[in-house]
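Notes follow once the structure below has been shown.
The values are calculated or read from the model by the stated rules, or taken from the named source; none is laboratory data. Quantities reported herein were computed from a predicted structural model and do not represent experimental measurements. Don't worry about glycine lacking a Cβ; one is built from the backbone with ideal geometry, like all the others, and counts go over all protein chains shown.
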Amino acid sequence: MAGRLRPCPPSPNCVTSSAQDEGHLIQPLSYAETSSAAWQHLTALVRDMGGAEIVSQTDTYLQAQYSSALFRFVDDVEFLLAAQNRKIEVRSASRLGYYDFGVNHRRLQEIRRRFAEK
């Protein structure tokens, strides 16, 4: 979507920093360096994470697919650079099923941890 992330469906297998409800809400990534440096860092981090494949990327938007090791379930993960706020908006959602047992939330928290380590 131009300039924003897709909304979460009503199911609990999605989290996004643009959610209007607590059940789907997760905080965006914050950074102190330049927007360009933060974006490059995030791109490298996603590329290096196991199970990830970048499927679409621009200077301000990145979409990746993560596949689970055992059953090969696919989750779609999106990032949107909001340079004016020094934030990167995030979204992670399962393609199939209803419950994700917290997988999408934990993935974004792990990305947040790794992103902050720089």
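Out of the residues in region 84-118 meeting the condition of being among the aliphatic types (A, V, I, L, M) and under 12 Å from PRO28 (Cβ atoms), tell me which one is nearest to the chain's Cα centre (by Cα).
Taking region 84-118 and keeping what is among the aliphatic types (A, V, I, L, M), we get 88, 90, 93, 96, 103, 108, 111, 116.
Keeping just the survivors that are under 12 Å from PRO28 (Cβ atoms) gives 88, 90, 108, 111.
Details: ILE88: 9, VAL90: 4, LEU108: 6, ILE111: 8 Å.
Ranking the candidates gives VAL90 first.
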(request) Kindly indicate whether ARG72 is at positive phi and not in a strand (DSSP E or B). (result) yes
(message) Contact list please: Cβ distance under 7 Å, first residue in region 1-30 and of a type in the set (Ser, Thr, Tyr), second residue assigned to a strand (DSSP E or B) and at pLDDT 90 or above, pairs at least six apart or on different chains.
(response) THR16/VAL90; THR16/ARG91; SER17/GLU89; SER17/VAL90; SER18/GLU89; SER30/LYS87
(request) Pairs only if they're at least six apart or on different chains, beta carbon under 6 angstrom, first in region 45-57 and at positive phi, second surrounded by 11 or more Cβ atoms within 10 Å (Cβ to Cβ); list them, first residue then second. (result) GLY51/TYR66; GLY51/SER67
(request) Considering only residues that are among the aliphatic types (A, V, I, L, M) and modelled with pLDDT under 95, look in region 94-115 and name the one that is farthest from LEU45 (Cα to Cα). (result) LEU96
(request) From (1) of a type outside the set (Asp, Glu); (2) touching a strand residue (DSSP E or B) at 6+ places or on another chain (Cβ under 8 Å); (3) over 21 Å from PRO9 (Cα atoms), pick out the condition that doesn't hold for ALA37. (result) (2)
(message) Out of everything in region 30-65 that is assigned to a strand (DSSP E or B) and touching a Ser or Thr at 6+ places or on another chain (Cβ under 8 Å), what residue ends up being surrounded by the most Cβ atoms within 10 Å (Cβ to Cβ)?
(response) LEU62
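Give me a count of the residues in region 1-22 that are in a strand (DSSP E or B), closer than 21 Å to ASN85 by Cβ and hydrophobic (A, V, I, L, M, F, W, C). Break it down stepwise before answering.
The first filter runs over region 1-22 and keeps only residues in a strand (DSSP E or B), leaving 14-16.
Now narrow it down to the ones that are closer than 21 Å to ASN85 by Cβ: 15-16.
Those left that are additionally hydrophobic (A, V, I, L, M, F, W, C): 15.
Here the count works out to 1.
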